[in-house]
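The values are calculated or read from the model by the stated rules, or taken from the named source; none is laboratory data. None of these values were measured; they are calculated from a predicted model. Don't worry about glycine lacking a Cβ; one is built from the backbone with ideal geometry, like all the others, and counts go over all protein chains shown. All accessible areas refer to the heavy atoms of the entire protein, side chains included, with ligands and DNA or RNA removed. Shrake-Rupley method; radii C 1.70, N 1.55, O 1.52, S 1.80 Å.
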Amino acid sequence: MSCTSQVLVLNCGSSSLKFAVMDPHDGTVAMSGIGEALGHDEPQVSWKIKDERHSSTLPKGTRHTEVIRFLVDTILSQHPALRDHLIAIGHRVVHGGEKFSHSVLINDAVVSAIKECVALAPLHNPAHLAGIEAAKVAFPALPQVAVFDTAFHQSMPRHAYIYALPYSLYRDNGIRRYGMHGTSHRFVTERAAELLNLSVNEVNIISAHLGNGASITAVHNGRSVDTSMGLTPLEGLVMGTRSGDVDPGLLMHLGSRMDFGLKEINDLLNKKSGLLGISELSNDCRTLEKAATDGHDGAQLALDIFCYRLAKYIGAYHAVLPQVDALVFTGGIGENSSLIRHKVMTQLSGIGYAVDIERNERARFGEDGPISTDQSAVTLVIPTNEEWVIARDAAELVPPDTPNHDPSTRE
Ligand code: AMP
């Protein structure tokens, strides 16, 4: 296999590890895979290379370190061309707190800062740290780069990120809105600017990332000025299993009147609410669309609430932005569900949105472009590609003395 410079992208979740070897210039994926059920009884790793799929069961209790070893010893050792062209490793890191507004080369100070943010992302940041440590051992000569989900939102002004709580909670404990999905919102912003023939620093969009997790961001002159997720990924839109915004008085009600403990409240809001909770059927949009067509009332209600709440946020972000060049749909639902897009745009007809039915149906996974009519507020579908952003940032930050360093990767 002949190839140019490649970046290994690692995304360590609490019990999973997604990996991809990618060309940072054009986003071509040479190999990708996932380790799942890590720390459980039957961990699995599956991967795809040259359109061939492979999988393997790993020993009980396997964690991130062993998956990275497997990647090096079993997968990459059979594909030396890939391994030998690696120039960097890019890590997705969920929470960078206020410390990181850009991607950075990982050193001891960066590792310490990611540790300090563990309290803000207790499931994710420890997994990222494990991945960084294991990758350092497996690839000692390669630079490692951290790309933070929170970084894009560090441009939010104070009035958007401070909660109306005692200010000391922010000053002393860092309690504020941080926002997530920043890597996706940033990708979409850059691509929207290209499609609209604008430079990134003059584009104004509302970016709706709708997947199992969902968030929406107001982007002014290419920078995030508000976003729906907050201190944690629970705030904001209705999601697959997360409630999004609720009356905070609900928590006292559940605790004092219904004897819910903190763990039960956490499970209720994070795992049993959203599309799943309302429909009493599924968190999966596809399943709900089919069920609603077959007359399932809960599924219909879940989709209605999802779209209504999303439309309200879009309306609010029109008030935040001086001008909106485009509304953008992305994420599994945003890219694939013509029904959700249609419902939301119809709800927004009062502020100039109108769906072009044929364009909306044609927008398929992997393609981007407009779905609005020529006369109405511009609405685009843009498939997100967080891995590519991570690979690009990693390549950009490679120091010149690194083995395999290819100066053409620097933009
Ligand atoms: P993500 O978390 O970005 O992978 O998105 C997952 C969500 O996208 C799930 O709710 C899926 O049901 C939804 N999704 C994927 N494909 C479709 C589709 N063709 N129609 C509707 N929803 C879809």
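For the reader, a short list of remarks on this structure follows.
- Measuring nothing but how far apart in sequence close Cα pairs (under 8 Å, 6+ apart) lie, relative to its length, the chain scores a relative contact order of 15 percent.
- Two-decimal Rg to Rh for region 24-167 - Kirkwood Rh, Cα set: 1.03
- Cβ charges +1 (Lys, Arg) and -1 (Asp, Glu), total dipole of region 1-152, debye: 80
- Candidates Asp267, Asp247, Asp84: whichever shows maximal mean-square fluctuation once the chain is modelled as a Gaussian network with Cα springs under 10 Å: Asp247
- Translational D in µm²/s for region 104-181 (Stokes-Einstein at 37 °C, 0.692 mPa s, Kirkwood Rh from C-alpha pairs): 231
- Region 339-385 and region 30-101: distance between their alpha carbon centers, rounded to Å: 36
- Surface share of carbon and sulfur [accessible, 1.4 angstrom probe, percent] for the chain: 52
- Lysine pairs in the chain with Cα atoms under 26 Å, if 8 or more residues apart or on separate chains: 28
- Among the protein heavy atoms, those of Met252 account for about 120 Å² of accessible surface (1.4 Å probe, every chain in place).
- With contributions of -39500 (n - 2.57) from each DSSP H run of at least four residues, the per-residue ellipticity at 222 nm computed over the chain stands at -10000 deg cm²/dmol.
- With an a/c value of 1.5 or above and a/b not larger than b/c for the gyration tensor axes a ≥ b ≥ c computed over the alpha-carbon atoms, region 155-297 is described as oblate.
- For region 71-142, the solvent-accessible area works out to 42 Å² per residue, with a probe of 1.4 Å and every protein chain left in place.
- Over region 228-384, the pair-distance histogram of Cα-Cα distances with 10 Å bins from zero comes to 11, 35, 34, 15, 5, 0 percent, rounded to whole numbers.
- Computed over the chain, the ratio Rg/Rh where both radii use C-alpha atoms and Rh is Kirkwood: 0.96
- Spatial offset of region 150-193 relative to region 128-148 amounts to 26 Å, using the alpha carbon center of each.
- Computed from the C-beta positions of Ile265 and Glu98 and an R0 of 22 Å, the FRET efficiency is 0.25 to the nearest 0.05.
- Convex hull volume per residue in cubic angstrom - Cα atoms of region 141-216: 163
- When each of the peptides 278-289, 350-361 is scored by the mean number of other C-beta atoms lying within 10 Å of its residues, the order from highest to lowest reads 278-289, 350-361.
- For region 307-387, a crude dipole built from +1 on the beta carbon of Lys and Arg and -1 on the beta carbon of Asp and Glu, taken about the Cα centre, is about 420 debye to the nearest 20.
- Note that region 175-216 presents 28 Å² accessible area per residue, ligands and nucleic acids not counted, probe 1.4 Å.
- Point-charge dipole on Cβ atoms (K/R +1, D/E -1) for the chain, about Cα centre, debye to 20: 640
- Look at the dipole of the chain built from charges on Cβ: of Pro59, His209, Val328, the Cα furthest out on the positive end belongs to Pro59.
- Label-point gap, in nm, between Glu116 and Tyr163 - each point 7 angstrom along Cα→Cβ: 2.1
- Beta bridge orientation in the chain: antiparallel %, DSSP, nearest 5: 70
- The overall shape of region 305-380 is prolate: from the C-alpha gyration tensor, with semi-axes ordered a ≥ b ≥ c, the ratio a/c is 1.5 or greater and a/b exceeds b/c.
- Difference of contour (0.36 nm per residue) and Cα-Cα distance, Asp245 to Asp26: 75.1 nm
- The simple Förster model, with R0 at 60 Å and r as the Cβ-Cβ distance, assigns Asp294 and Asp401 a FRET efficiency of 0.45.
- Surrounding net charge for Ala193, when Lys and Arg each add one and Asp and Glu each subtract one, Cβ distance under 9 Å: -3
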